[in-house]
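Bear in mind that the values in this text are calculations on the coordinates, not laboratory data. For clarity, every value in this text was computed on a predicted model and none was experimentally measured. Heads up, the Cβs are rebuilt from the backbone with ideal geometry, glycines too, and the neighbour counts pull from every protein chain shown.
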Amino acid sequence: MRRSARELEAVGSAVKALPKAPTGIAGLDEITLGGLPRGRPTLICGAAGCGKTLFGLEFLLRGASQFDEPGVFMAFEETGEELAQNVRSLGFDLDKLVAENKIAVDHVHVERSEIEETGEYDLEGLFLRLGLAIDTVGAKRVVLDTIETLFGGFSDAALLRSELRRLFRWLKDRGVTAVITGERGEGALTRQGLEEYVSDCVILLDNRVREQITTRRLRIVKYRGSSHGTNEYPFLIDEQGISVLPVTSLALNHAASEERIATGVPQLDTMLGGEGYYRGSSILVSGTAGTGKTSLAAHFAHATCQRGERCLYLAFEESQAQLARNMRTIGLDLAPWLKKGLLRFEAARPALYGLEMHLARTHKLVEEFEPRVVIIDPISNFTGGGSERDAETMLLRLVDFLKARQITALFTNLTSGGDAWESTDVGVSSVIDTWILLRDTELGGERNRALYVLKSRGMKHSNQIREFIITPEGIRLEEVYVGPEGVLTGSMRAAQEAREKAAATVRAQEAERKQRELARRRAALEAQIAALRAEFESSEAEAAQVIAQDRAREQTIDAERAAAAKRRGADAPVANRKRK
Amino acid sequence: MTTRSSKAQAGPEVDKWNLRLYTAGQTPKSLAAFRNLKKVCEEHLPGRYSIEVIDLMANPRLARDDQIVAIPTLVRKLPAPLRKIIGDLSDTERTLIGLQLRPHQDR
């Protein structure tokens with residue numbers, strides 16, 4: 001699928017030579033690589049009620065209001081007033097555009113019972129009317145809805161065919177981009193085989209019901225001179241008109257943020273390289289029933305709001321009130337965020353709409369609310385709204401959509417339990433950046449929760465299995481005990497921890513005792529040292545005294561000797577030195 | 001309806017027939033239509049009709065206002081109700097039926 005998207009891109013640049021008129025219809029210009037063939041007629045066909053008229057109208061209205069290309073709407077079925085009413089609900093003011101001379105509406109009323117055919121005729125009147133309308137507004141676009149009605153109004157089918165052929169040629173000569181709608185016929189695209197005349201571009205609209213859920217699809221049957229997406233693309237009609245949803249986005253060029261955001265559970269942040277998730281990444285929390293997926297999601301929502309960012313929470317299993325109540329019991333009060341407008345809940349049963357409607361609804365909510373974080377809880381229920389394959393492509397598109405807007409997305413997924421831990425029920429693992437697995441462990445008559453990070457792109461993450469405990473104060477992650485008997489959780493872990501704690505206490509007491517002994521011995525030693533020092537000091541003082549007395553005595557003797565020598569006239573100093 | 005039709009066969013209750021022929025230029029079909037119309041009127045409504053030929057080439061707005069698609073189109077404005085007859089009026093029988101100058105065979 002992605003390959004074909006690349007192909008599209010490659011070829012798209014090569015065929016820019018063919019001028020195209022953008023429709024402005026969300027998604028369609030992507031598929032047609034620029035719009036409808038400019039200056040040529042395009043056939044839009046499909047069964048009743050599949051949106052042909054709206055398609056034509058939107059092409060005109062957007063042309064007039066967005067691309068400055070005035071248009072003519074020639075209605076064979078509805079009157080101008082009816083048309084105006086139809087588009088008013090889509091936020092377009094047809095009357096205003098008509099008043100501004102940007103759009104001309106001509107209602108062609110042909111009623112067979114009012115007409116008598118009396119010989120040869122042609123449809124020159126139609127040409128004149130169309131020509132007048134085109135000239136009045138300077139039209140670049142023309143919609144004929146539904147020209148086949150003429151076959152009901154006139155009996156000469158051969159003449160009509162040749163006149164239609166002439167009309168389409170005339171439209172080409174006028175250089176207007178035309179949209180011709182046609183009702184789908186038996187075994188052919190249109191009842192009157194219009195596809196034979198309008199062969200430049202044919203778009204088929206389809207409205208299918210499967211398992212009571214309607215899905216509209218669009219397919220480009222033919223686009224002469226241009227490549228185009230060949231898939232069937234789901235589309236929807238809502239208050240914003242038609243939006244076609246490309247099956248995958250054409251490019252994988254979303255930016256990658258370096259910013260990290262907290263998960264709401266500090267220990268989980270630690271496990272994810274100490275900083276939490278990457279901003280703009282997609283996170284999958286999968287696990288069996290009752291493993292705490294919603295609680296983990298709610299923590300993330302809480303953390304998001306704490307940062308002052310908006311969080312959109314799409315709940316598919318619980319109502320807002322129920323979820324808020326349940327989260328209060330684990331210490332998460334989400335009410336203030338709801339009141340502040342930072343948190344928005346959208347709860348609906350997945351089976352309420354088809355997948356495309358869900359996707360479109362999410363698109364719309366995201367555009368409106370501009371959240372930084374989107375939580376979808378859970379995605380597994382989507383398979384109820386379509387086939388698994390459908391759900392997969394839908395999620396793929398959703399992830400692409402959110403990534404392109406740098407919105408962090410957290411999905412929860414209910415796995416069926418048992419065997420396939422590491423495969424998602426909805427095969428989205430390839431688009432998931434961080435995958436957290438919650439699981440049950442049954443051991444020692446208990447069922448405990450465990451959490452581990454299966455993968456986390458672009459960060460060093462813990463390889464540990466942690467015990468996941470939901471307390472009245474929120475989620476806590478405990479180290480699990482890994483021993484010879486395997487992983488211990490719950491009370492067995494607690495018992496093991498208690499044993500370890502007891503042993504540690506004993507060890508601590510022993511160490512303390514040794515410490516005290518050492519201190520005591522040190523004190524004794526120091527006392528001894530002090531006594532010895534005192535003893536030494538006293539003898540030292542004594543010795544000093546003796547030395548001082550000796551020195552005094554010697555001085556006295558020296559003085560006496562000097563006096564005697566003086567009396568004898570001897571050379572005292574020398575004698576004195578000799579004596580020494 | 002039956003009584004009305006029998007009267008119509010004899011001639012309508014209104015004195016004045018107001019007919020409009022829409023053409024687009026002087027095409028052979030338009031010219032033929034005018035010729036044929038003139039003949040029918042002279043035959044069935046002598047002195048009681050007026051024909052207004054409108055060339056939509058010169059006045060295309062009227063094509064929209066009067067809901068004209070096929071050319072030539074003959075419109076019976078009066079007597080009411082409004083009737084539309086398309087083609088060159090070469091089929092006189094159908095022209096008379098269309099103008100309600102003769103009861104409709106099918107009805």
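Couple of notes before you dig in:
- Per-residue ³J(HN,Hα) for the stretch A:494-507, Karplus 6.51 cos²θ - 1.76 cosθ + 1.60, θ = phi - 60°, Hz, x for Gly and Pro: 4, 5, 4, 5, 5, 4, 5, 5, 4, 4, 5, 5, 4, 4
- If the segment from A:Glu446 to A:Arg507 were pulled out straight at 0.36 nm per residue, it would be longer than the present Cα-Cα gap by 18.8 nm.
- Placed amide H near A:Tyr197: partners under 5 Å, 5+ positions off or other chain: none
- Amide H contacts under 5 Å for A:Tyr277: A:Ile261, A:Thr263, restricted to partners 5 or more places along the chain or on a different chain, H placed in the peptide plane at 1.01 Å from N.
- Average partner coverage of A:294-300, which counts Cβ from other chains inside 10 Å: 0
- In the protein assembly as shown, the DSSP beta bridges split such that about 45 percent are antiparallel, to the nearest 5.
- Long-range HN-HN contacts of A:Val221 with modeled amide H, under 5 Å: A:Val202, A:Ile203, A:Leu204
- Contour excess over end-to-end distance, with Cα ends at A:Ala543 and A:Ala559 and 0.36 nm allotted per residue: 3.3 nm
- Cβ neighbours within 10 Å from other chains - mean over B:65-78: 5
- The modelled label-to-label distance for the pair A:Gln66/A:Arg169, using points 7 Å beyond Cα in the direction of Cβ, is 3.5 nm.
- Kirkwood-based shape ratio for the protein assembly as shown, expressed as Rg/Rh from alpha carbons: 1.46
- Footprinting exposure proxy ranking of A:Val108, A:Val366, B:Val53, fewest other C-beta atoms within 10 angstrom first, gives B:Val53, A:Val366, A:Val108.
- Phi-derived couplings, Karplus 6.51 cos²θ - 1.76 cosθ + 1.60 at θ = phi - 60°, listed residue by residue for the stretch A:400-406: 4, 4, 5, 5, 4, 9, 6 Hz, with x used for Gly and Pro.
- Couplings for the stretch A:540-553, taken from phi via the Karplus curve 6.51 cos²θ - 1.76 cosθ + 1.60 with θ = phi - 60°, read 5, 5, 4, 4, 4, 5, 4, 4, 5, 5, 4, 5, 5, 4 Hz in order; Gly and Pro are left as x.
- Candidate lysines - alpha carbon under 19 Å from B:Lys29, same-chain residues fewer than 8 apart omitted: B:Lys38, B:Lys39, B:Lys84
- For the peptide B:21-31, the mean number of other protein chain Cβ atoms found within 10 angstrom of a residue's Cβ is 2.
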